[in-house]
1. Can you name the helices of the chain, as whole DSSP H runs, whose Cα span along the helix axis is 27 Å or more and whose Kyte-Doolittle mean is not below 0.0?
2. At 20 °C and 1.002 mPa s, what whole-number value in µm²/s does Stokes-Einstein give for the translational diffusion of the range 318-473, with Rh from the Kirkwood sum over Cα pairs?
3. Between [x] 71, 62, 46; [y] 84, 65, 65; [z] 88, 53, 44, which entry matches Cα extents along the principal axes in Å as derived from the coordinates of this structure?
4. Quick one: longest stretch of the chain between exposed loop GluC sites (Glu not before Pro), exposed meaning at most 14 other C-beta atoms within 10 Å and loop per DSSP?
5. Taking the Cα centre of the chain as the origin, how large is its charge dipole in debye, to the nearest 20, when only Lys and Arg (+1) and Asp and Glu (-1) carry charge on their Cβ atoms?
6. Run lengths n ≥ 4 of DSSP H only: what is the helix-derived mean residue ellipticity at 222 nm for the chain, with -39500 (n - 2.57) per run over all residues, to the nearest 500?
7. When DSSP assigns beta bridges and you keep just the ones with both residues in the chain, what percent turn out antiparallel, to the nearest 5?
8. Just the projected area, averaged over all directions, of the convex hull on the alpha carbon atoms of the range 36-182: how many nm²?
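We did not get these values from a lab; they are worked out from the coordinates using the rules stated. Keep in mind that what you see is a predicted model, and the values were worked out from it rather than measured. Don't worry about glycine lacking a Cβ; one is built from the backbone with ideal geometry, like all the others, and counts go over all protein chains shown.
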Amino acid sequence: MSAQRTSGRVEGLARKEVEDQLRTLFGALPRNVPIYLFTRRGENDVLNEAARDLIKAFRGLSSKIEFREFDLSHEMARKWGVTASPTLLFDPEHLSISYLGVPYGEESRTFMGTLILVGHREANLSDQARRVIEQIDSPRRIRVFVSPTCPYCPEQAIHAVKAALLLPQLISVEMIDIQANPDLASRYSAFSVPQTFANDILIGQGLQAEELFALSLQKLEPQTVFIPESTAEEVETDVVVVGGGPAGLTAGIYAVRSGLRTAVVEKGPLGGQIATTPIVENYPGFTRVAGKTLVDIMVSHALEYVQIFQGEEVLDLQPGAPGEKITVQTSRRRFITRAVILATGARHKHLSVPGEGELSGRGVSYCATCDGQLFTGKSVLIVGGGNTAATEALYLHNLGVRVTVVHRRGEMRAQDYLVRDLEDKKIPILYNTEVKAIRGREQVTEVDLINNQTGEVYPVPADGVFVAVGYEPTVDLARKIGVELTPDGFIKRDAHHRTNIPGIFAAGDVEGGYKQIVTAVGQGSEAALSVYEELMHPSWKESPLMAQTA
């Protein structure tokens, strides 16, 4: 049998296995899920047909999924206020949950999650989020702007669906695909996804933890800190890994394989920066792989070993004396542990120029994968000169975006093959140039640039600015508990990843160094093995002073 036939057979078997799993999953739904599709001939016909095919495919998996289609001129459209083609309504006789566009790509997770939640009629919220939302006593109309290329969007959209299921008499949800509805996205200046509005008030920019979403929805303003109303469930373990990027996930795997009870806590999406990296070409074993695909592989592997607590932010960490337990308080529960690995990674650096903060999400972006589609046919600036800037410039160029790179040095710092690719694609690069200000009222319209050699300042029309000037370590928690930092602001540690505080270790980009996926993975494994050695043979007992006071 040829390799091609073998491959086709394997793919066919895998597809059948997935279909069988979906049939079982949807067949177990206790309630039917009516889905109404609204379309208009001649308006987004390609998307209409895609939506029709998607629903029919799922309907073929389960009799619990009911499907009806109406033209936008039908009285049903007027009854429920539907004006866009295509629009999906989920059980509109009982719920106010709609999707404007076609839930494909990353948004297929939103579609499946909504089907399951509606079929079970259970909000499935955390106790803390449920208590907050139950305090809402006036209507909330939620609009979540999403994109099929955004890995963060499904979780944020599902938060909204859960809220609508909990209080269907007060809460309605519209999930809006910005690619299918660019005019609506433009009206709300939703040029960065996910963005969440309630009663036309921006309550969330980016993915929020479930409790923060609930609090933002209740207060009708963005919330950054959620203080639990009561003591969360307590979990006793040997190691708590703070961070779910490559270093944290690897540390979790190695710690469990060493026989240590381990928990990985991550407040945001798993995978860290890789989740929004368009293509990874330098990770051993993969000649070329989408960043999100690599994340999915890592997470699936980690879940075979370690329990992951996603959507939880570490609010406080209280180290004890050498040999004593450490208390880790998150937004959902408390952990009592013997050691902590800080794998909190790094975050995007900002330009710190006028207009950047005000226009963030309104043309200023830090994620080409998430927001690039909306700028097709438009002009943007990529600010930076490293691998990230070059990769994102090429990615946007392939989407049909008119890209110009702005770099403050006289030559690019990106790898040679990336620079050659920029040249081959004839992507302009403005050397010795910096951004002085970003201008625009509702969205970016113009950028003031300065030549740092001549001092000349000049305006450049632009629809967007993608900032790719590097990262800064996420050390807020480390600084709060007194972990010593390097002069560059990274966590200072010894050769065994131990910090100056007994029981507190570090791994990954937060330590500095090359900031590559492969080095983060290596550091995660080293840190976990060091924790094992430390717990078996505490180094503090080897200190004569410690031995006398122990």
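1. Numbers: long enough: 3-27 (35 Å, -0.80); 517-536 (29 Å, 0.68).
Helices meeting the span and hydropathy rule in the chain are 517-536.
2. On the way: Rh = 17.4 Å.
Approximately 123 µm²/s, per Stokes-Einstein.
3. Only one option fits the structure, namely [y].
4. Working: sites that count: GLU93, GLU122, GLU134, GLU229, GLU281, GLU304, GLU324, GLU358, GLU411, GLU442, GLU456, GLU484.
The reported range is 135-228.
5. Numbers: 56 positive and 67 negative charges, 121 e Å.
Taking the Cα centre of the chain as origin, the dipole is about 580 debye.
6. -10000 deg cm²/dmol
7. On the way: 43 of 94 bridges.
Just about 45 percent of them are antiparallel.
8. Details: hull surface 34.7 nm².
The directionally averaged projection comes out at 8.7 nm².
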